[in-house]
Structures are given as structure tokens and as C-alpha cells.
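No lab work stands behind these numbers, since they all come straight from the coordinates. Keep in mind that this is a model prediction, so the values were computed, not measured. Ideal geometry is used to build each Cβ from the backbone, glycine not excepted, and the neighbour counts take in all protein chains shown.
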């Protein structure tokens, strides 16, 4: 049902048992507060990518809870415990695979969501703080991918850890946590496990809540191809709205479809597991998410990873404060669009370069 | 402020940003690059043998065998051969020479049995690896379980897509544009975008 304005009158004539049950719950928990109006364009897939990212997070949390029942984060046993999950636990290979593919989905949908926000200028006043929260979440997702890679405790994971330890040294005091000296009697794998299963998802959940609250406060940004209100910061009052619960309903539908896609990928393309880790050699490539950084490393050394990552996130952080053009329509933002496209092409080009570079070439520099 | 003025101001802001980042990068970049992996050199014999096993685990082809032989040579020549059975190591070298990789792997692993059995629990960044296990493939042929999970996933995909269509917004962008048109006249370039 499409409504305009006040949503308190949504479907008042339908008073079935379910509706009465909702009333009972609402009297106690106030869940009807979720029925606030959302501009209709907010229900399009491209404007629901944040919700799809949350759906990926939910799948990750559920599969992660299953995996931690069987995963042993002690270095001597970690690799073997992953093998046991895959080969001896009923459904273990599927659950691990679903966890892997959900992580890929979360990374991709989060990136696509940010690209959509960039293209539609949704980070502009008054939504700068929410953009920053989004950037922080993307950083945490990247960290989650990294720590998850290490937890497998195969050669790829160990080499990823090795890079990170060296980056920690470059950062000096700021990288202390990543130093094995921080808690020298505890394997760093155990600490990374705690980061992967508690600290990072915990922070993401807190930020997701903040993100959602700020979306509610500032409302869904106006579609750049549609008129705005007088302030230029909101959709016009004349645009039809739907209750946020309908937005949730559509995101749930996308989430179910996503689960189906990820399930199929999990069955057909389950991730393997590398050999037990050995110190002092480098024979693997990092996960594709980090390929562009490793091309930079090939060019300029370890600093390439550090400064590449720092510059990337610094650009994202300062974007809303540098781009003061009030226009949201992409054709009226030629400079921002050109620079954004160049950055994206640069990252894609570096990624492709690493894809065609043999792992051996990355060694022994 | 006219549109051209705005674009010009925007261009100046972005230009300053690019220059600032360029200067920062130049200032932060060291004269000589640092590498994460160094040369991987170690004097401990059993670790050199493990490195040989690592090379063989990832590449049983010519390159992997050559890298492994280099590590075996280092292990045979290092001063620290504590816990390493040199006789077995020499046999492993011969097996590698003869391109009998599986036999070489077994001999290499046996040659460090004593060394790895005396290892203390790993701390810090130690691997804790005693036996270098080979990579595990994602899957072999599809099992009954795979078909079950696959079918359930397909069902979820169909249901999800059906619900997404069922709950789709009532108006597409063009219709929204038309509804809102009386309030604000359409702009020529945006109309083209909506049509596309």
C-alpha cells in the first residue's frame, strides 16, 4: 500500500489476528515506530544495497556461530580443525563455504552501496556523519576479511599475517596491537580470532545501528533524477512513501534471494584450504580484495600497502568535506565523477595486474 | 553563483586535494622500499626443511622442486641441524633429484620428526606447524548432501526473487517523475536519464 504523509493510518481496516498480535506487541515494545514513511525510490534495489549488506552480515553471523563451535584457534590445531569442519562435521563444508561467500557478498554489496551513495551524492549535507560511519564500517569489513583469511591458518593466511605484522612495525606505536610482542605469551592467532568473532562484528553491529538511526533522522536522500524539497536535501513531500516496514520486507526478500545465490555458490564453488603454514616462504597470493594493494607493494615495497590503504580511506573520509557542490545529479558533478571514476579504474587496473602476475613473481624481492 | 563558477570552485578544491595527497605521499615514502617478506633466511635446519615442504605442497612442478632443493641444500649446509636426521635428508635430496616428489616429501617430513616433537606450544607469530599438510581441494564430485543444499538454495532464490517482485515499488522512476512533474518542471538532461 502506498501512502503519503502520516503512516499511522496504514491499513486500519485490516484487523486480523496477526494485526491484533502486532498491536499487543506494539503496546509493549512500540514496534510501530518502524512504520515511519520512506520515499518510494528508497525501495529500489540500488537504494537497498545497504540492507542487502546487512542481510549478508546476518548470514555471516549465523554461519560464524556454527563455525566457532568446531574451530580451534590454537596454531598447532587451527588448520586441522578447519579440515575437520569440512570433512567430518555434517554440513560443515557447506556452512564454511556459505560463510566465505557471504563475506565476499558483504564486501561487494558494501562497496556497491558506497558507489551508489557517491553517484547520487547522498553523502552531502546533512548526511556527512553517516557517510563517515559507512566508511568506518567498510574499513571493519576489510579487517574482517583479513582476519578471516588468517584464521584458516594456511600458507595464504600466514603470509597475510606476515604482511600485517610488518605493517604494524611501520606504524610504530599505532601498530602495537598487531605486534606479537603486545602479548608475547599468547599466539597472535588467538588474538586475531577474538578480533574476528567479537571485536570486529561487535563494532560493525554498533555502527549499523548508528547508521540506521541516522538514516531515520536525516531520511533517505532524494533521488537526483527527481525533484527535491525546497531545502534540496530531502525528497519532496509529494513523492509517494511507504512504511519502513515495507522497506524491510523488500530487503528481506532480497536477503532470501541472496541466501539462495550464496548457497548455490557454496555448493558449486566451495573454498579450498591451503597447506599448513610455514614461516619464511611466500608462495601464495592474497585474497582478491587486497590485490590492488599488493600490486602497489610490488612497485614500491611494503609502504605501498600502508600508504595505498591510508590514502584510499583518507579520500573517502574527506570526500563530503571537499565536495561542496550542492548538486547531486551526476552530470552536474563532472569533477567529482571524473576523479571517482579514475580512482575506481586505478584500483581495478591494479587488481587485474595482480590477477595476471604469478605468485612466484611476488616472492623474494 | 553561476554553474560555471561552481564547477570552477569545485575543480580548485579537488586540485588542492590531489596536490596535498601527492605531497604527503612524497614526504612519507622512504628512499628505499621495505618488503614484507624479506629473504626468508633462517639458520635452523628443521625450519629450512619445513620451507622445502612448503614449496612442494604448493608446487610439485619444476619450480617448486627447484625451490625445495635449494632449501634442502641450505638445510644440509647449515650449522644448526638439531633434531634433523641428516641421512634421511640426504635421501630426500636424492629423491628430489630423481623427481620422486611424493617420496621426497615423506622423507623430508620424517627427517624433522625429532625436531618438531620437541617444539613448545606456539606463541606470538609462530606457526605451530609440525606436519606440513597438503592443500585441501574445495570439493570432489557432488554428494547427496550437496544436491540437498543446492536444491534448498535454488528454492530460496526463486522464493526470494518472487517476493522481491511481489514487494517491488508501485512506481518506477519514470512514473515518479511524471507524478512529481507538476511541482517542478523537468530538466532536459535528467529527463534523458530517466528515459534510459
TODO: Report, as a whole number in µm² per second, the diffusion coefficient that Stokes-Einstein gives for chain A at 25 °C and 0.890 mPa s using the Kirkwood radius over alpha carbon pairs.
DONE: 108 µm²/s
Open item on the list: Against the empirical 2.2 N^0.38 Å scaling, what ratio does the C-alpha Rg of the stretch B:124-185 come to?
Closed with: 2.44
- [ ] Can you pull a Stokes-Einstein diffusion coefficient for the stretch A:161-227 at 20 °C (1.002 mPa s), Rh from Kirkwood over Cα pairs, as a whole number of µm²/s?
- [x] 143 µm²/s
Open item on the list: Among A:126, A:271, A:334, which one shows the highest mean-square fluctuation when chain A is modelled as a Gaussian network with alpha-carbon springs under 10 Å?
Closed with: A:334
- [ ] Work out the mean other chain Cβ neighbour count within 10 Å for the residues of A:309-319 and drop it here as an integer.
- [x] 2
Open item on the list: Rg over Rh of the stretch A:199-249, using C-alpha atoms and the Kirkwood radius, what does it come to?
Closed with: 1.10
Task: Residue exposure sequence - A:76, B:70 - by fewest surrounding Cβ within 10 Å - done: B:70, A:76
Task: Projected-area mean, the stretch A:71-218, by convex hull of Cα positions, square nanometres - done: 10.5 nm²
Open item on the list: Compute the distance from the alpha-carbon center of the stretch A:255-278 to that of the stretch B:97-138, in whole Å.
Closed with: 28 Å
TODO: State the Cα centre-to-centre distance between the stretch A:178-206 and the stretch A:90-130 in whole Å.
DONE: 22 Å
Task: Per principal axis, descending, Cα span of the stretch A:104-175 in whole Å - done: 43, 31, 14
Open item on the list: At a threshold of 8 angstrom on Cα-Cα distance, excluding pairs fewer than six apart, so keeping six or more, what relative contact order does the stretch A:224-349 reach in percent?
Closed with: 19 percent
Task: Length-normalised contact order for chain A - Cα pairs under 8 Å, 6+ apart - percent - done: 26 percent
Task: Distant alpha-carbon pairs in the stretch A:233-365 (separation over 27 angstrom), percent - done: 53 percent
Task: Whole-number D in µm²/s for the stretch A:59-153 (Stokes-Einstein; Kirkwood sum over Cα pairs; 4 °C, 1.567 mPa s) - done: 86 µm²/s
- [ ] Provide B:120, A:216, A:124 in ascending order of the number of other Cβ atoms located within 10 Å of each residue's Cβ, fewest first.
- [x] B:120, A:216, A:124
Task: Stretchable slack from residue A:299 to residue A:231, in nm (0.36 nm times residue separation minus alpha-carbon distance) - done: 19.7 nm
Open item on the list: Per DSSP helix of 4 or more residues, -39500 (n - 2.57); summed, then divided by the residues of chain A. What does that give at 222 nm, rounded to the nearest 500?
Closed with: -20500 deg cm²/dmol
- [ ] Once you have a ≥ b ≥ c as the square roots of the Cα gyration tensor eigenvalues for the stretch B:45-117, tell me rounded if a/c is under 1.5, and otherwise prolate or oblate according to whether a/b is larger than b/c.
- [x] prolate
- [ ] Mind running the shape call on the stretch B:90-154? Use the C-alpha gyration tensor, a ≥ b ≥ c as the square roots of the eigenvalues: rounded below 1.5 for a/c, prolate if a/b tops b/c, oblate otherwise.
- [x] oblate
Task: Shape of the stretch A:20-105, Cα gyration tensor, a/c cut at 1.5 - done: prolate
Task: Largest to smallest principal axis extent of the C-alpha atoms in the stretch A:180-305, angstrom - done: 65, 37, 34
